[in-house]
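Read the figures in this text as sums done on the coordinates, not as results from a lab. What you are looking at is a predicted structure, and each value in this text was computed from that prediction instead of being measured. Cβ placement follows ideal geometry from the backbone for every residue including glycine, while neighbour counts extend to all protein chains displayed.
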Amino acid sequence: MRILLPMPTAPPLAPPALVPPERTTAPAQGAPPPPAGFDVEHLAALYRQMLLIRRVEEESARAYAEGKIGGFLHLYIGQEAVAVGAIAALRPDDYVITTYRDHGIALAKGMSVRALLAELFGKVTGCSKGLGGSMHMFDKEHHMLGGYGIVGGHIPLAAGVAFASKYRADDKVTLCFFGEGAVSIGGFHEGLGLAALWKLPIVFICENNEYAMGTPLSRSMSVEDVSLKALGYGMDRDRFFADDVLEVEHRISEAVQRAREHGTPTLVEVRTYRFRGHSMSDPAKYRTQAELDEHKKRDPLVHTREILAKAGVADARFAEIESGVEAEVADARKFAAESAEPGLDVLASSTYSGPFAY
Ligand SMILES: Cc1ncc(C[n+]2csc(CCOP(=O)(O)OP(=O)(O)O)c2C)c(N)n1
């Protein structure tokens, strides 16, 4: 016999603060126009950063094919506006933490191309002395707290970083990036639950690039609007497309301001798309060329260049930006190639030894 227990009656919950629903949908046609009177020089600087990321990623792909880089390599091509726009909303002393798809985010946070490429090449001059590689871009000076390989594993760590800021009252905000594949992982819920409960100064940025390896979101989650997860924690949320870097900066600035001034977290779902496979070993057969081409029409670099050109930026200026970026990447590649590999001394000082020896 089945005994049905009466459901406990609970008072209705006050609805959490929400962004207006119309702000959670895609623009009807293409990316939004730039705000009136936008700062052309600022946008040109953001464009340069995005171009630098793209060229570094292209150089990394070449070096990987030549056998100069070992292990995994996950490229950020197509997603540049997310890192650049979001990090533009921060102060230099704010913290950033992310997944293994970390090159673009590390560069946007201020890591030098030399330190990044040398790390990919496994050289001692790399940001992690050549011991971490592609998935572990860490830069203490620029408050870049790493790339992590375990999907969702860094989200509770991010909550811990934000807790430290609250405890020390240091007025810093943490940005935590992850893919939509992390949203069904336990660590996501642990991190968001504690951040909301303890009112931590953090912004969770889900870069929804539609695929977790080869699995589309529709095959792994019953509700495809990731931002709705915030409701379960009484957390503010936002959701938008990342075609326009100024829009990303503006929307993330709102969440950063909430975090800094009121100490409250936000979950932001940023819709984006990766143009390459999941990693270098992925031929991306799970999607069609037509789908990829459609997304390339929304390339954030092309879009930004169009806005700048309309605002009067001349071809000569674009050529100058391009050649400056290319020179920076070429210099870093030479530096990485010529740097030494880490010796045993680095290995010993970077692993547990002495009283901690196994
Ligand atoms: C806990 C865990 N499970 C599985 C994997 C294998 N894995 C590596 S990347 C990945 C897909 C993650 O996709 P997403 O979070 O959407 O990020 P994206 O690669 O799209 O940036 C998986 C399942 C892992 N690294 N960690």
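Consider segment 68-90. How many of its residues are over 16 Å from the mean Cα position of the chain (by Cα) and not small (Gly, Ala, Ser)? Looking only at that region, the number is 3.
Taking segment 134-228 and the strands (runs of 3 or more DSSP E) fully enclosed by it, the elements with 1 or more residues that are surrounded by 15 or more Cβ atoms within 10 Å (Cβ to Cβ) and among the polar types (S, T, N, Q) are at 174-179, 202-208. Restricting to segment 94-116, and then to whatever is under 17 Å from the mean Cα position of the chain (by Cα) and among the charged types (D, E, K, R), can you tell me which residue is surrounded by the fewest Cβ atoms within 10 Å (Cβ to Cβ)? Checked segment 94-116; the qualifying residue surrounded by the fewest Cβ atoms within 10 Å (Cβ to Cβ) is ASP94. Checking each residue in segment 120-150 for being within 16 Å of the ligand (Cβ to nearest atom) and either touching a residue at least 60 places away in the same chain (Cβ under 8 Å) or closer than 11 Å to ASP102 by Cα (or both) picks out GLY133, SER134, MET135, HIS136, MET137, GLY146, GLY147, TYR148, GLY149. Filtered by the rule that a residue be under 22 Å from the mean Cα position of the chain (by Cα) and within 14 Å of MET50 (Cβ to Cβ), segment 288-319 gives ARG298, ASP299, PRO300, LEU301, VAL302, HIS303, THR304, ARG305.
Please tell me if GLU119 is of a type in the set (D, E, K, R), over 16 Å from the mean Cα position of the chain (by Cα) and surrounded by fewer than 24 Cβ atoms within 10 Å (Cβ to Cβ).
Considered against the rule, which asks whether it is of a type in the set (D, E, K, R), over 16 Å from the mean Cα position of the chain (by Cα) and surrounded by fewer than 24 Cβ atoms within 10 Å (Cβ to Cβ), GLU119 comes out as no.
Just to be sure I understand the filter: pairs with C-beta atoms under 9 Å, separated by 6 or more residues or on different chains, first member in segment 170-182 and among the acidic types (Asp, Glu), second member part of a helix (DSSP H, G or I). Which pairs pass? Sorted first by the residue in segment 170-182, then by its partner, the pairs are ASP170/ALA164; ASP171/SER165; ASP171/ARG260; GLU180/LEU217; GLU180/VAL226.
Only a single criterion out of (1) within 16 Å of the ligand (Cβ to nearest atom); (2) assigned to a helix (DSSP H, G or I) is not satisfied by MET280, namely (2).
Would you kindly identify the helices (runs of 4 or more DSSP H) lying entirely within segment 298-357 that contain at least 2 residues that are of a type in the set (A, V, I, L, M, F, W, C) and farther than 30 Å from ALA45 by Cα? Working first, answer last.
Working: elements: 300-310, 315-338, 344-350.
Ranges flagged: 344-350.
Right, ARG55: more than 19 Å from GLY146 (Cα to Cα), free of Cβ contacts under 8 Å to residues at least 60 places away in the same chain and in a helix (DSSP H, G or I) or not? Reasoning before the result, please.
On the way: more than 19 Å from GLY146 (Cα to Cα): yes; free of Cβ contacts under 8 Å to residues at least 60 places away in the same chain: no; in a helix (DSSP H, G or I): yes.
So ARG55 fails the test.
Name the single residue that is farthest from ASP93 (Cα to Cα) among those in segment 151-185 being of a type in the set (Val, Ile, Thr) and within 14 Å of the ligand (Cβ to nearest atom).
At the first step, the residues of segment 151-185 found to be of a type in the set (Val, Ile, Thr) are 151, 155, 161, 173-174, 183, 185.
Still in the running and within 14 Å of the ligand (Cβ to nearest atom): 151, 155, 183, 185.
Details: VAL151: 26, ILE155: 20, VAL183: 27, ILE185: 29 Å.
Restricting to residues being of a type in the set (Val, Ile, Thr) and within 14 Å of the ligand (Cβ to nearest atom), the top hit is ILE185.
Within segment 199-214, does at least one residue satisfy the condition of being free of Cβ contacts under 8 Å to residues at least 60 places away in the same chain and more than 9 Å from the ligand (Cβ to nearest atom)? No.
Per the listing ARG239, ARG219, ARG271, the residue uniquely free of Cβ contacts under 8 Å to residues at least 12 places away in the same chain and within 16 Å of the ligand (Cβ to nearest atom) is ARG219.
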